[in-house]
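Report on the structure given below.
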Amino acid sequence: MAANPKSPITSGAAQGQYHMYHAEAYILRGEIEHPIKQPIQEYGRVVLEQTRRESLITQSVGETNIEGLISFRRGHTRVAGTHVQQKVDVFGQDHSGWATLSTAAIEGYNVEDIITADRVVAQISTQHPETNGNVPQVSFIGTRFDNLRVGGYPVELEIDLGILGQKPANDCHYFQDADFLDRMKRRLDDFVDHDDLPESIETKYGAQIAYIDDLKKRAKEEAVEVMPNGAGGYPTMTFTVVKKIKPIPLPGVRTFSNHIFIENFGTVTLGEVEVGVKKEHSPLLLGKSNDSQTEASGSNYFTLDMLKMRLGCPASGTANGPTANANGSQGPSI
């Protein structure tokens, strides 16, 4: 059951600024298509939905078995939003602002006795400073795979939790930041150089590289926010916190980039992140003219999917999670 606080406005924001918290987390969701057809509900879903109230929402889910195909021992989720008015670390750096945390964890995970894990955690925290605070500093610390295995063999992988780097200068969106775009392109270039990369994924990565080149060009022209992403709307991009996966010594199992292909089972994608831009029309622009209400403030959002499975045979369907999402937006006083 999702929890979603709808509450009065909080006060005390610096210089009359307000912040809208948004965060969501769930343990598992998907759909079994064969041999039976059954949706997999969003276990443990919690959400902060465009609220200005400081909140902490948690949910725990006990032992669960889905038709003997997918099971987990327990899981928990939490979302939190808070306004930190004064916080200086030991290095003298100011961390005052609005912080959001989104966490989803699953324990004792088992999919068809082929994919198993002791514990998997998806965690995103964002910090919007009180000045130049439209775009957050983002951290994935806490995100991890504990004893992930395929057919009993350990999955040895390297995770890069610092892939986003520092918050872009001058409060630019990540799509306008040359350093971020360069890091994304280098990671994709490394993946494309893989000797065993399937043609379909190589084509996908090639399109993403071209897309990044176009973003870099448009960023120089300060035209990123008005660019459609192919289907209309604002830019989106996917990347991964997984730097590499070592080969797994099992027949019919192949690894490439952040993917594991398992013959007669399906494909598993690890640590995938989507970053995009949302335009939010704040419902709190009270007392403003109609013209003012049409001005939307953009915000980067981040969604981390730790295990995305496309099952093939004998069972088919999808199973995604644990998953965490965080973003926020702010504006002037009302």
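The values are calculated or read from the model by the stated rules, or taken from the named source; none is laboratory data. Keep in mind it's a predicted model, so treat the numbers as computed, not measured. Quick reminder, even Gly has a Cβ in these numbers, built from the backbone with ideal geometry, and neighbours come from all protein chains shown.
Just to confirm my filter: which strands (runs of 3 or more DSSP E) fall fully inside the range 52-144 and include at least 3 residues that are not hydrophobic (A, V, I, L, M, F, W, C)?
55-61, 74-84, 97-111, 115-129
Applying the selection to the range 130-167, what residues are polar (S, T, N, Q) and surrounded by 19 or more Cβ atoms within 10 Å (Cβ to Cβ)?
Within the range 130-167, just 143 meets the criteria.
Any idea which residue in the range 296-334 is modelled with the highest pLDDT, counting only those that are among the β-branched types (Val, Ile, Thr) and under 20 Å from residue 98 (Cβ atoms)?
Ranking the candidates gives 303 first.
Residue check, residue 58 against (1) within 17 Å of residue 123 (Cβ to Cβ); (2) without any contact (Cβ under 8 Å) to a residue 24 or more places away in the chain; (3) out of contact with any His (no Cβ under 9 Å at 6 or more places or on another chain), all met but one. Which one?
Only one criterion is unmet by residue 58, namely (3).
For the structure I just gave you, tell me whether residue 234 is aromatic (Phe, Trp, Tyr), in contact with a helix residue (DSSP H, G or I) (Cβ under 9 Å, 6 or more places away or on another chain) and either modelled with pLDDT of 90 or more or within 19 Å of residue 177 (Cα to Cα) (or both).
yes
Only residues that are charged (D, E, K, R) and either in contact with a Cys (Cβ under 9 Å, 6 or more places away or on another chain) or surrounded by fewer than 19 Cβ atoms within 10 Å (Cβ to Cβ) (or both): list them for the range 168-184, please.
Passing the criteria: 171, 179, 182, 183.
Here are 40, 70: which of them is over 20 Å from residue 325 (Cα atoms), among the hydrophobic types (A, V, I, L, M, F, W, C) and surrounded by 14 or more Cβ atoms within 10 Å (Cβ to Cβ)?
70
Using the structure shown, decide if residue 216 is under 22 Å from residue 306 (Cα atoms) and modelled with pLDDT under 90.
no
From the residues in the range 152-185 that are within 21 Å of residue 139 (Cβ to Cβ) and of a type in the set (Lys, Arg), which one is modelled with the highest pLDDT?
Top of the filtered list is 183.
Conditions first: (1) polar (S, T, N, Q); (2) at pLDDT below 95; (3) closer than 28 Å to residue 160 by Cα. Residue 131 passes all but one, so which condition is the exception?
(3)
Considering only residues of the range 191-202 that are part of a helix (DSSP H, G or I) and either in contact (Cβ under 8 Å) with a residue 24 or more places away in the chain or loosely packed, with under 11 Cβ neighbours inside 10 Å (or both), which is farthest from the chain's Cα centre (by Cα)?
Restricting to residues being part of a helix (DSSP H, G or I) and either in contact (Cβ under 8 Å) with a residue 24 or more places away in the chain or loosely packed, with under 11 Cβ neighbours inside 10 Å (or both), the top hit is 199.
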